[in-house]
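A short reminder: the numbers here are calculations on the coordinates, not readings from a lab. Since the structure is predicted, the reported quantities are computational estimates derived from the model, not experimental observations. Cβ: placed from backbone, ideal geometry, glycine included. Neighbour counts: every protein chain shown.
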Amino acid sequence: MKANGGITQQKISWIPASIDSSSKKLAKLFDKCYMKGHCDIVKKAFQLIDSSIDNAITLNIGEPLIYLVRQPSNVMPLSLFGDSLNRVADLFLKLVSKWDFANRRNRKWYSSYQAKRIVEAII
């Protein structure tokens, strides 16, 4: 595409950190993962981006949020860690919850298997 001055312009695709996931929705998914014993998978994914993260928790102060605990004992909301960790949370929580959903309902077992394999390959 050419602009008025003969300069070539390109369309740039941009993917927001979390397309349809609010902080509240992510906290709810994280709690479900915690109850099923899968929160370590998400914590490992966070640690791939930032190795100083010790733990991930949810707290309900005003509204439920995911908080990350950094060395030495700094507790900060996920939103302060930037787009990369927000996107990782969105992706991994959805993958892990999808594989649990598929196992529970015994439907589309292959998607459950694929989600588990993707998570294992990344971490």
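Filter segment 27-64 for residues that are of a type in the set (Val, Ile, Thr), farther than 12 Å from residue 89 by Cβ and loosely packed, with under 15 Cβ neighbours inside 10 Å and give the result.
Once the filter is applied, which keeps residues that are of a type in the set (Val, Ile, Thr), farther than 12 Å from residue 89 by Cβ and loosely packed, with under 15 Cβ neighbours inside 10 Å, segment 27-64 yields only 61.
Can you tell me which residue within segment 21-67, out of those that are of a type in the set (Asp, Glu) and within 16 Å of residue 77 (Cβ to Cβ), is farthest from the chain's Cα centre (by Cα)?
Per the criteria, the residue is 63.
Any idea which of (1) aliphatic (A, V, I, L, M); (2) within 21 Å of residue 22 (Cβ to Cβ); (3) free of Cβ contacts under 8 Å to residues at least 40 places away in the same chain is the one residue 69 doesn't satisfy?
(2)
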